[in-house]
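Engineer: For reference, the structure I am asking about is given below.
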């Protein structure tokens, strides 16, 4: 492995542990996400998915361990939310006071201009603003919302709002995009459309890989729908507090860790998957990750080995 | 159509009551007839012995006091609310005095204002401003506390600085609620001003109404009240238009 390859990751969690007083949540969690991977993160409720996501985002730092991203070859420690990490929430995903277009253009504005520039250099700002909005419009076209650019979030359906929210995160070209149950509030048909949209992004990644370029999108999607995880993710990561911590010499559960990490089947956007074929995967995940009776050796179901 | 009918009914009822009163006492001025009201309007729109028109003098005095007071109160209320919302140390520091100030009835504290600020412009301004600051500051403060932290965190992922989070996210979210609060503060502000003018004014709407009421010239008092009502209504309407212009998303969202 050359040094450049070593650095070719989107996200690296090293020995992350977190607790709230006596309540142990995460234990020695290691997860390295390569650039271009779509990681589907699953786990039973209370396993610390949200805690991990907040730690990666940088709003709530873990008690131990470090979380690294990199930008232009520089390593960044996730000490606070920054423009190298994008986030799509289930709720509050958009700013209600901006239209779809301005919601998407907001990041360009905040990132590439300063307040002083916008207030003092009006004419230059006006020119830039037009350019930002053109780029935002192109992005909205890409996610299939060319018609809805001038609508406010309150005038859009839940599915449209999530599309805009994804475009808003994508336009920043962050090193990693976190999606926290992004489609949890949507109906089945809308979910599938949005999954297809993500798969289209994955296709771009594959094309970039084929050309030898750096794949543009790296995703961590938290979901409670196993089928969604299997369809969207190219890698399934299961986080669970039900692992064999007694064998590791703990008297009480030290918190959740990664107990499952395997590649997932890859789909084309227009391909309607036959979920019956994945009954085995679902069964295995339910057994290993979700079943409180099963205390798994945490290394047994890890085929994509993280750097320990 | 129904609105027009209700106004017509009110006018008819007034005419009837006034007519009945004048049958009992033809010299009555408490419920003036339409002719007496016209006399009253003439009285305050024509030049008096000092070559002044009351309505002009009163309007200038009252509106200047009002606009300075509202201007200062709105500015301070907004700034204090933003500071309380954005800095938790200032929140702890400013909350008790705000809560206390909000509970003091301004009209009852008139004497305090006279002692502290005299009877000039600064007294009126202080009274209006201090009267509306607590309500405005609390509104802004609570509106900021209500903002989901996700919205702020997301702004940082979009490359915002701390200052930009305040100007581009917090401010824009708070603005329509603040305009609503200003609309609600207009009424109390007018009450404080008129009360102070009634007690110490030598010109202004409160002064004129008190003086003419003592002479039972209700034909001046009623038109003055009508003008005050129109003034309040116009301001409220203007603020609603401003809100619709600045925050077009707000009304759509509340639907």
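The values are calculated or read from the model by the stated rules, or taken from the named source; none is laboratory data. Owing to the predicted nature of the structure, the values given are computational and were not obtained by experimental measurement. So basically every Cβ, Gly included, is an ideal-geometry build from the backbone, and we count neighbours across all protein chains shown.
Engineer: Quick test of your reading of the structure: residue A:32 fulfils all but one of (1) under 16 Å from the mean Cα position of the chain (by Cα); (2) surrounded by fewer than 23 Cβ atoms within 10 Å (Cβ to Cβ); (3) facing chain B (nearest Cβ under 8 Å); (4) touching a residue at least 60 places away in the same chain (Cβ under 8 Å). Name the failing condition by number.
Structural biologist: Every listed condition holds for residue A:32 apart from (3).
Engineer: So, one more: Output the residues belonging to segment A:77-104 that are surrounded by 21 or more Cβ atoms within 10 Å (Cβ to Cβ), without any contact (Cβ under 8 Å) to a residue 60 or more places away in the chain and more than 10 Å from chain B (Cβ to nearest Cβ).
Structural biologist: Scanning segment A:77-104 gives A:78, A:101.
Engineer: Now for a separate question. Tell me the helices (runs of 4 or more DSSP H) entirely within segment B:1-87 that contain at least 3 residues that are under 26 Å from residue B:122 (Cα atoms).
Structural biologist: On the way: elements: B:2-24, B:34-45, B:54-86.
Fully inside segment B:1-87 and qualifying: B:54-86.
Engineer: Just the residues that are within 18 Å of residue A:293 (Cβ to Cβ) and in contact with a helix residue (DSSP H, G or I) (Cβ under 8 Å, 6 or more places away or on another chain), please, taken from segment A:217-241. Steps first, answer last, please.
Structural biologist: Restricting attention to segment A:217-241, the residues satisfying the condition of being within 18 Å of residue A:293 (Cβ to Cβ) are A:238-241.
Correct list: A:238, A:239, A:240.
Engineer: For the subset of segment A:274-300 comprising residues that are buried (at least 16 other Cβ atoms within 10 Å of the Cβ) and outside any helix (DSSP H, G or I), which member is modelled with the highest pLDDT?
Structural biologist: A:295
Engineer: Output the helices (runs of 4 or more DSSP H) that fall wholly within segment B:96-171 and possess 3 or more residues being free of Cβ contacts under 8 Å to residues at least 40 places away in the same chain, within 14 Å of another protein chain (Cβ to nearest Cβ) and more than 21 Å from residue B:78 (Cα to Cα), or say none. Steps first, answer last, please.
Structural biologist: On the way: elements: B:110-117, B:121-146, B:149-157.
Hits in segment B:96-171: B:149-157.
Engineer: Report, by residue number, each residue of segment A:77-96 that is touching a helix residue (DSSP H, G or I) at 6+ places or on another chain (Cβ under 6 Å), closer than 23 Å to residue A:186 by Cβ and modelled with pLDDT of 85 or more.
Structural biologist: Across segment A:77-96, the qualifying residues are A:86, A:87, A:88, A:89, A:94, A:95, A:96.
Engineer: Exactly one of these conditions fails for residue A:265: (1) farther than 22 Å from residue A:193 by Cα; (2) part of a loop (DSSP other than H, G, I, E, B); (3) touching a helix residue (DSSP H, G or I) at 6+ places or on another chain (Cβ under 8 Å); (4) modelled with pLDDT of 85 or more. Give me its number.
Structural biologist: Every condition holds for residue A:265 apart from (1).
Engineer: Might you let me know whether segment B:233-243 holds any residue that is more than 28 Å from residue A:114 (Cβ to Cβ), part of a helix (DSSP H, G or I) and within 14 Å of another protein chain (Cβ to nearest Cβ)?
Structural biologist: The answer is yes, given that some residue of segment B:233-243 is more than 28 Å from residue A:114 (Cβ to Cβ), part of a helix (DSSP H, G or I) and within 14 Å of another protein chain (Cβ to nearest Cβ).
Engineer: Moving to a separate point now. Out of (1) over 18 Å from the mean Cα position of the chain (by Cα); (2) surrounded by 20 or more Cβ atoms within 10 Å (Cβ to Cβ), what's the single condition that is false for residue B:73?
Structural biologist: Failing condition for residue B:73: (1).
Engineer: Tell me, which residue of segment A:41-76 that is more than 14 Å from chain B (Cβ to nearest Cβ) and in a helix (DSSP H, G or I) is nearest to residue A:182 (Cα to Cα)?
Structural biologist: First, the residues of segment A:41-76 that are more than 14 Å from chain B (Cβ to nearest Cβ): A:41-49, A:51-52, A:62-68, A:70, A:72-75.
Restricting the remaining residues to those that are in a helix (DSSP H, G or I) gives A:49, A:51-52.
On the way: A:49: 14, A:51: 16, A:52: 16 Å.
So, considering only residues that are more than 14 Å from chain B (Cβ to nearest Cβ) and in a helix (DSSP H, G or I), the one nearest to residue A:182 (Cα to Cα) is A:49.
Engineer: Name the residues in segment A:115-124 that are surrounded by fewer than 16 Cβ atoms within 10 Å (Cβ to Cβ) and more than 8 Å from chain B (Cβ to nearest Cβ), would you? Break it down stepwise before answering.
Structural biologist: Of all residues in segment A:115-124, those surrounded by fewer than 16 Cβ atoms within 10 Å (Cβ to Cβ) come to A:115-117, A:119-124.
Passing the criteria: A:116, A:117, A:119, A:120, A:121, A:122, A:123, A:124.
Engineer: From the list A:158, A:144, exactly one residue is more than 14 Å from chain B (Cβ to nearest Cβ) and at positive phi. Which is it?
Structural biologist: Working: A:158 fails: at positive phi.
So the residue among A:158, A:144 that is more than 14 Å from chain B (Cβ to nearest Cβ) and at positive phi is A:144.
Engineer: Could you count how many residues in segment A:175-207 are within 14 Å of another protein chain (Cβ to nearest Cβ) and at pLDDT 90 or above?
Structural biologist: Adding up the residues that qualify gives 7.
Engineer: Can you confirm whether residue B:175 is over 15 Å from the mean Cα position of the chain (by Cα) and exposed (fewer than 14 other Cβ atoms within 10 Å of the Cβ)?
Structural biologist: No: the conditions fail for residue B:175.
Engineer: Also: Starting from segment B:9-29, take each residue that is surrounded by 10 or more Cβ atoms within 10 Å (Cβ to Cβ) and list its partners that are part of a helix (DSSP H, G or I), counting only C-beta distances under 6 angstrom and pairs at least six apart or across chains.
Structural biologist: The qualifying pairs are B:28/B:21; B:28/B:22; B:29/B:218.
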